[in-house]
Each structure stands twice: as structure tokens, then as C-alpha cells.
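Below is one structure; the comments refer to it alone.
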Amino acid sequence: MPTLPSHILRIIFLITLQITVTCFTVKAQKLKWNVESPVKVERGLNTISFSLENLDQTDLSGHFEFDLPKGFTILGAATIQASIPGKATRYFTFRGQVNNLSLVSDTKINILLKDKEGKLVSQRALDIKIPSFRKITITDQTPLQTFRLQGDSMHIKLNIQNEGTVEENFKIVLSSPNRYGKTVFKEFSMFLLPGTDSVLVYSFIVERYMTNLSQYLVRVTGINDQDDPFGNVQLAFYNRSSSRDFNANDAIRNNLWQTTGNNLELRVSNIFNQQQNYSMFSTGEYETKTGAIRYGINMANWQGLDRIFVTNTYLELEHNRHQITAGNLQESLESTFYGRGMKYAFLDTAKGTAVDFGVSDNSNELLSSYQPGSGIPLTAFARLRLGELKKDRKFYDGQVIFNRNTIDTTGFLLWTNSFDISPKKEKSSMVGFVGAGTAFHLVRNDEKYQQNAIALGWKTTQEWNKMRFLMDYFYSTPYYPGNRRGVTQLQHRVSYPLGRWQGAVGYNFHAFSPKSLTYYSTNFKNRQQRLEAQFSGSTRKGNTFITLTPSYNTENASYSFSNIPFELSSKSYLLQTNGQYFSANRKHNINILAEGGYINVNNPNQTDNNSSGETALRMDATYGYGQIRFMVGFQKGTFQLYELFNSILYNTSLSTQYSFGVQASGAFLGDKVKWNLNNTGRYSKLWGFNVLNVGSIDYQLKKTTRISMQGQFTYTKGLSNNPYTYNNVQMVVKQQLPSGKIINKKPQGNVKMFIFYDNNYNGIYDEGDAVASNYNLMFGSVSFSTNNKGQAVYKNIPFGDYVIFTPPINNYSAKSKVVNVDSKSVNVQVALQQVSTLNGEIILEYNPAFDLTVNTNLRGYRVLAEASDGVIYTAETDETGKFILQVPRGKYIISLDKNSFAENVLTEEKSIEVELQIGEKLKIKPFILKAKKKNIEIKRFGS
């Protein structure tokens, strides 16, 4: 038998052997990385090089893998083979592409070295440093729309995305070359953080002059805070009343790109034709001590004519709260107002008061003369607005308009009043409208010398519980001289939320029967009724929107051709479906609008079988990827009686109609060269073919100077079967003018910042602390990175209060502090202290059988941590309800922000008090959320 000493020796031997084997097994390869960190990443292609030195005698074979943040795409092979002999150094390079710098901000690149078996040998994390980069894109998501009558509503939908790395204050400007006077008709001020986007929706009413056009063009231009333009989008709305008349060739010569903001543009058109056109455009706004000076100029010499045409030209002077505008004018009033004239306005934005009045002669051209013996046409208006944009006050808008039209020897006088009936409330509103006027002949030679008219309107919205009511009534007599002439409208709508969906039921009645004293107007009447239900909502992920609308419709219409009246009526059962899809990165978007059903048309003018039924179907689809957009559509059958009148007039039956379009834009050479392309077309076998191509390419010669080549090609073939072509090549020089803003003469100073790691937590830089080199912080809205000494300098900053924000980096941060810049030189020390980590989660108790419907996705619930000094830190939960808070040491009260709760979710949990030490990681108990219970009726038996 072995003795006890031999047992002890055997055990010692086995333990020694195990320790020796383990040590030799886990012995790490000695390596030395040589790589720059942080690494500078720019938009586009990036090349990152590094070297690895093998300090051991043994050779190393393996491969590199790369853990890249979202938005950083590696080019080439996903791995790099590595073979490093002992005591040798090898160099490696990989390339990656970044299109959206905001996605990789404050992230890291992890380089992993693995051996042949796939085990991790070593790794290195590289911080990413992003230079300041500005890019805002405008993507058109407007559905295809047509109009036919004044008063129709047109809708614009745009997606605006900040793909840069800085916060952006900018404005979106809407303008149209089809307008008379000031072409800009709407401006929106916007703010976007890096990597965020916003959807802009705007509606406008079709005015009388638009109905004479085959299409109405809208330009969308962005202007940044330095008055530099970015992004150009052009929208085309087709006039349905002339959409089938392809012989109407009113080609718009001035429908190419045009910048807004302070600029001067010189243009040469028809370069390859015998007669060239020369144009000059300029707009500007220059601030003064008491106001501003604004102007617009549009001058052209057309095809060798001996005169210069001046349109859309005006000068506006603003002094304190007074404005005077002279030149070409246009105002959005209850009746059309445009022409050359003068306008005065008094604006008191503090009180929400505006008074303006003006006169014009209804002439499009500034220098044209009047026809002899016809007299001078005249339109005058006066307008009073009270409580405008004031939520706590009632609103009133009163207008008086006088018109003298010498062309058809008629005139009118109109007085309108729009006003709040009740004080504004969050869940209800009532707006009333009263209008009165008279239309008359300038020469008493007609039995209908004068016709009086009135208009009444009332619109109310009301929310009760979750239900929303809408009632809209409007009536005007046939000779009413406003935009809505001879209209009777009744609209009722009730909507109710159904979880992620919305249900609605509505009834609409609209009758249009205008009359006019002029001999040149045609007699058209239309009456429509619509009873519909609507169901709309989104998918759980929120990237797909669906709308289903079944409806029952009736329509009666009459139109006169050469004093011969035609009358039609129809009944239809339709189903309209609208679907919209967005990808997670918002690059892909699809919009499909389809409508179909059974339509029965009754034509009393036909003696035999005057009633006919058919199946009608139409669909419009758009697909967008980045800055590219494709549009297709077709229509078989008729959805409006108005479409049949052209068929009767030309004695040509309706045929299937197709439409298509491509819109694209892009840039290269570092955004110095930008291009745009817009192609649209329509085709009908019997009615003709029309295609319009518009394109441009711009070269940034200097920071404020661009040279552009623009082209347009139009091909039309209509009922006459005679093709018509038009082409135009232009060269444009665009010069951005100074912004016109008054330079801030407020005293300025320099701020010197010193950032250090406060390892002993005493708030001062002393022994044991270390400087924070290459640390990123925010001073106000400007980012800074410290040098090797932990210093950063902000020069020539205006006096005032600013906030220093230091985001948690490498588990170090500091509380935000306010710095008062009140001298030429200000020194600031920021002590970065190790933060503590608080982990937690929320749990939702939900039983579908007894609880109301709730969204079970727990992302977006806001958690609040209030420190003893009143500072509040926030965090949001992920899909599973977990959250992480990184805060300095101290006492905190942890609670949930109930404003972030989903619908039908509540909690009875109390706040949690915690105390965190330096670098401590603490997990708190979960917050329990509950769903609201259903009201269940319980029936008891035996009573």
C-alpha cells in the first residue's frame, strides 16, 4: 500500500502539472497594435490602415474580422487573412463606405484578430471622429393629383432628412412660375437634429387663374441659415379638364429650376435655335435697422422682339410695422387678386393684428399698355385680421374686394367675414363665414344688369371621449363673386380609434351651379353625393400604412356645347385602397392608390338604351429610392361625368389612359456637380400621346456661383394626329448674393476650456488626475474635440449664457453647466468623473380577454432620474422594456414619465429612491405596468 507521504507527493505532482499545462495553454500571444484612434471618417470611401507587431518568437496565423457600426459598409472581403512571423511587423488596410455620417457618430470600429480555430486572440476598438458635414435632402412623396375646378384642394407631402452631422435651422420655400406677382406663396421654418427626418404636409386651394392652365407647377426649395439653397423638387398638378385634349399646347417656357433666396440669375434660352431668349431673375431681402427691403425681378427678351418683358417684379419696403409693396402683386383672398399695383400693410405680431389694402389692374406684364377705348381694369381690396396665430384669442378675417373688368364689361363688389364662433379649445372649434356681394355690368345694356349674392358657412370639430365629429356647411348663390361661386356643400364625418387603426363614416354633398353675367363663360353644373366608410391604420412596426374606403356615389352634371345642353347622371359603388410602405432607413418608399367598382351612367340625350353600366378601374403607383422616384398609372372607364363631355364633344369614345414618370437627382465630385431629371408622359390610343422631359446639371464654380445647363423636350400628338415638338436648351449663371442679415455687433469673447479626468472626485485638477485628450463635448450647439493637453478654444463668441454638455465616454462624464461669457477671455474647467450605471426594466401585465387593446411593444417609455440638486436625467426603454442610465454619484428618485405611456396603459408603482457610488453598477426592481380593464357586464342567476 502506498504510504501517506507518497499520496501527498502524488497530489502535489498532479496539481503542479495542471497549473503548468493551464499556464502554457492560456498564455496570450504578445502583440503590439499601431493604429490611429480616433480615426477620422468622412462621407464616401474611407481607407483605414494599421500594423501589428508580433513580439513573440512563434509565428501567428489567423484572420481579422471587423465589427462595424450601422451605416458603415466594408468594401471587399469581410475578413483579411493574417500571417505574422515571430519578431516581425505586418501592415494591413481595409476600406469602407459611409453615406450617412450621422449614423456612425459616437460609435466605434472593433478590429478582431482570431486564430485558425476562430478563437479571439486580440482586439482593438477605434473611436470614430466625424468632421462637420452638412447635407439636407428633400424627397417628394406627393401622390399624383389632378384638378378641374376652382376650390379644389391640392396636397403636397415631402420627406426632409438631415443626413449631416450638425443641427440644422432652415426653411422650405414653395413657389410657382405660374403665379402672377410674387412667385413665393409659402415658407416653413424647420429644425432637424443630425440623422433625423420630418414629413411636411401642406394643402392649397385651386384659384380661378389656375383652371386656364394644363398643369400647375410648384417648386420646392430649401434655404439654410446662411441663405444658401439646397434641394430642388418640382411638382406638376395636371388640369383634369384639359388632360384629354392633347392639342392644347400651352408649353410653359419658364418651368425649369430657379433658386430662391438672395440671388441673381442670368439665362440664355433656345441656344440651338435661330432666335435666342435672354432672361434675368433676381430676388433679395435685406434687413435694415427698422425693417427690411425685399425685391423680385423677372425680365426677358423673347426671340428677337424689340422690347423687354417684365413680369413678377416688385419692390417691398418695411419700416417698423409698416410695409409698402409696388409692382406685380398677388394675394390669396376670397376672390382672385393679381396684377400690377400697390399694396400697404400694417403688421403687429405681438397683438396678432394685420391691416392691408391694395389696388391692381389685372395685368400680368409690368410695362404693357392698355387697349385703346377699353378702359382701365381695376381690382382693389382691404383686409383686417385680428388674433392671427393667437391660440388664446378669437380670430377674425374681414375682406372687401372691388373688381372692374373692362374686357367683358362686368364688375363686382364683395365683403366677406371669417371668425371664431367660440373660444378656442383643445377638443373643439367653431368657425363661421358670412359673405355678401353684387355682380354688375359696367354698361347698362342687358336685362340682367345687376345680381346680388350671399354666402354662408359654418365648420365645427368636436371631440367627445375618443370620438371625433366634423361638420362643414357652405352655401353661396349662383352669382356670388368669390372663389366658391354657386356652391352648396354639406359634410359630416365621425371617426373613432380602433387600436392602431382608425374607423370613420362620412356623408358629403356638393353642388356646383355657377352663373355669370359675362357672355364668354360656359354653363356647367354638377351635383355629387357620397356616402363612405373608411378604415386606416399601420402595421405593428409602423412602416406600412393602409387605407380602405368603400363608398356609394351619385352624380348629376350638365354642360352646354353651342347652346345645346348635355345632361348626364351616374351611380357608382367603389372601393378605394391606399397603401404606403417605408423601409427602416427611409430610403425605399412605395405608394399605391387603387380604386375600382361598378358605375352606371344615364345619358338622356341618347334615345336608345340611354343607360349603360361598366366596371371602372384606375391605379397610381409610385416607388422612391433615395432621390429616385418612379410613377406609373392607368385608368379604364370613367369616374367623373366631366370626363365624358370631351368624349361627346369630339365624338371619340374613352380609351384606357396610361401615365408614367421618372424623377431623379444626384450629386458627384463632392456635391460640386448636381443634376436633376424629370420625365412625365401620358398615353391614350384614341386621344393622343404627350411626353415632357426636363433636366439640368449644375456646377459649383465658386461657393456662391453656379453654372447650369438645362434642357426641355416636349412631344405631343393629339386628336389631329399632327405631332408637335418643342425643345429648349438653356445656360444659366446663378450668383448667390449676400444674405442681407445685419451682422450681430454684440461684444464677443474667447472661451478656453480645460477638460480633465477627476479620478479623486474632488472637482479640481490635482495629483492623480489626468487630462482628457481627444474628448468630444458640446459648447452650445457647436462640437469640440480637445487637444493632447485637454484644451479646446471657442473664439469670437457673442456675450451671453451657454451650456457645456459632456456625453458619457469611456464611463466618464460631467453634469451640464452654464457658462456666462461676459469678458474678452473666459476660462472654464470641466471635471469628468466616473459615472455610475443604473439598470432596470418595465413589465407589462396584459390579458387580452379582460384588458383593453394595448401596444405590447415596450420601446419608447421614458425613465426619469431626478438628482438631489434638481437635475433630471432621462433614458428610454428598448423593445423588451429594459433601460440603462449613466449618471454621476449621488441620490436619485427614479420614476416613469406617464406622458410616454401607450394608450390604455397605466401604473400604480411609486418612485424608487437610490444612492449610487462612484462607478457602481446597480439594478433596481422592475416597474410593473398594467392595461386598463374592459367594462364587462356580469349577469347573476337566481335573482
Item to check | Filter result for the condition that a residue is in the same structural domain as N855 (by TED's automatic domain parsing), on the phi < 0 side of the Ramachandran plot, assigned to a loop (DSSP other than H, G, I, E, B) and without any contact (Cβ under 8 Å) to a residue 60 or more places away in the chain, over A875, A902 | outcome: A902
Next on the checklist: If I filter the range 672-691 for residues that are within 21 Å of A236 (Cα to Cα), modelled with pLDDT of 85 or more and assigned by TED's automatic domain parsing to the domain that holds Y559, do I get at least one hit?
Outcome noted: no
Checklist entry - Among (1) farther than 15 Å from D115 by Cα; (2) within 48 Å of the chain's Cα centre (by Cα); (3) surrounded by 12 or more Cβ atoms within 10 Å (Cβ to Cβ), where does K40 come up short? => result (3)
Checklist outcome for this item: Of the conditions (1) touching a residue at least 40 places away in the same chain (Cβ under 8 Å); (2) touching a Gly at 6+ places or on another chain (Cβ under 6 Å), the single one that E845 does not satisfy is (2)
Checklist entry - Looking at the range 617-626, is at least one residue modelled with pLDDT under 90, over 30 Å from S665 (Cα atoms), surrounded by 14 or more Cβ atoms within 10 Å (Cβ to Cβ) and touching a strand residue (DSSP E or B) at 6+ places or on another chain (Cβ under 9 Å)? => result no
Checklist outcome for this item: Filter the range 881-899 for residues that are at pLDDT 80 or above and part of a loop (DSSP other than H, G, I, E, B); the one that is surrounded by the fewest Cβ atoms within 10 Å (Cβ to Cβ) is D897
Checklist entry - Are any of the residues in the range 329-347 under 30 Å from K703 (Cα atoms) and polar (S, T, N, Q)? => result no
Checklist entry - In the range 693-724, how many are in contact (Cβ under 8 Å) with a residue 40 or more places away in the chain and loosely packed, with under 14 Cβ neighbours inside 10 Å? => result 1
Checklist entry - What tally of residues in the range 401-410 results from selecting those that are modelled with pLDDT of 90 or more and in contact with a Leu (Cβ under 7 Å, 6 or more places away or on another chain)? => result 3
Checklist entry - Mind checking which residues of the range 93-116 are hydroxyl-bearing (S, T, Y) and either in a strand (DSSP E or B) or in contact (Cβ under 8 Å) with a residue 60 or more places away in the chain (or both)? => result T93, S102, S105
Checklist entry - For V854, are the conditions met, namely being of a type in the set (A, V, I, L, M) and touching a Gly at 6+ places or on another chain (Cβ under 8 Å)? => result no
Checklist entry - Of the conditions (1) at pLDDT 80 or above; (2) farther than 28 Å from V887 by Cβ; (3) surrounded by 16 or more Cβ atoms within 10 Å (Cβ to Cβ), S739 fails just one. Which one is it? => result (1)
Item to check | Flag for T837 being part of a strand (DSSP E or B) and closer than 30 Å to E909 by Cβ | outcome: yes
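For (1) in contact with a Ser or Thr (Cβ under 7 Å, 6 or more places away or on another chain); (2) assigned to a strand (DSSP E or B); (3) free of Cβ contacts under 8 Å to residues at least 60 places away in the same chain, each residue gets a yes or a no:
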| position | (1), (2), (3) |
| --- | --- |
| I156 | yes, yes, no |
| I160 | yes, yes, no |
| N169 | no, yes, yes |
| R179 | no, no, no |
| K182 | no, no, no |
Item to check | Single condition F346 does not satisfy, out of (1) closer than 21 Å to F395 by Cβ; (2) modelled with pLDDT under 85 | outcome: (2)
Checklist entry - When the range 190-205 is examined, which residues are found to be in contact with an Asp or Glu (Cβ under 8 Å, 6 or more places away or on another chain) and assigned to a loop (DSSP other than H, G, I, E, B)? => result L193, P194, G195
Checklist entry - So which of R124, R134 is basic (K, R) and part of a loop (DSSP other than H, G, I, E, B)? => result R134
Item to check | Selected residue (only one of F337, F309 is surrounded by 14 or more Cβ atoms within 10 Å (Cβ to Cβ), farther than 24 Å from Q399 by Cα, of a type in the set (F, W, Y) and in contact (Cβ under 8 Å) with a residue 24 or more places away in the chain) | outcome: F309
Item to check | Residues satisfying the stated conditions in the range 855-891, i.e. farther than 13 Å from F927 by Cβ and of a type in the set (S, T, Y) | outcome: T856, S868, Y873, T874, T880
Checklist entry - Out of (1) at pLDDT 80 or above; (2) within 21 Å of T107 (Cα to Cα); (3) not acidic (D, E), the odd one out for K789 is which? => result (2)
Checklist entry - In the range 817-835, is there at least one residue being crowded, with 16+ Cβ neighbours inside 10 Å and among the basic types (K, R)? => result no
Checklist entry - Can we say N483 is assigned to a loop (DSSP other than H, G, I, E, B) and more than 19 Å from S551 (Cβ to Cβ)? => result yes
Item to check | Candidates K135, K108, K116, K129, filtered to the one that is in contact with a Leu (Cβ under 8 Å, 6 or more places away or on another chain) and of a type in the set (D, E, K, R) | outcome: K108
Next on the checklist: Need pairs with beta-carbon distance below 6 Å; first residue under 13 Å from Q829 (Cβ atoms) and within the range 784-807, second of a type in the set (F, W, Y); sequence gap 6+ or separate chains.
Outcome noted: T786/Y775; G790/F754; G790/F756; Q791/F754; A792/F784; I804/F779
Checklist entry - Across the range 571-601, which residue is modelled with the lowest pLDDT among those that are surrounded by fewer than 18 Cβ atoms within 10 Å (Cβ to Cβ) and charged (D, E, K, R)? => result R586
Item to check | Inter-residue pairs, beta-carbon under 8 Å, first under 18 Å from A300 (Cβ atoms) and in the range 347-370, second part of a strand (DSSP E or B) and of a type in the set (K, R), 6+ apart | outcome: S363/R340; E365/R340; L366/R340
Checklist outcome for this item: Just one listed residue, out of F94, F147, F133, is surrounded by 14 or more Cβ atoms within 10 Å (Cβ to Cβ), modelled with pLDDT under 85 and more than 31 Å from the chain's Cα centre (by Cα), and it is F94
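The values are calculated or read from the model by the stated rules, or taken from the named source; none is laboratory data. Small disclaimer: the values here were computed from a predicted structure and weren't measured. FYI the Cβ positions are ideal-geometry reconstructions off the backbone, even for glycines, and counts take in every protein chain you see.
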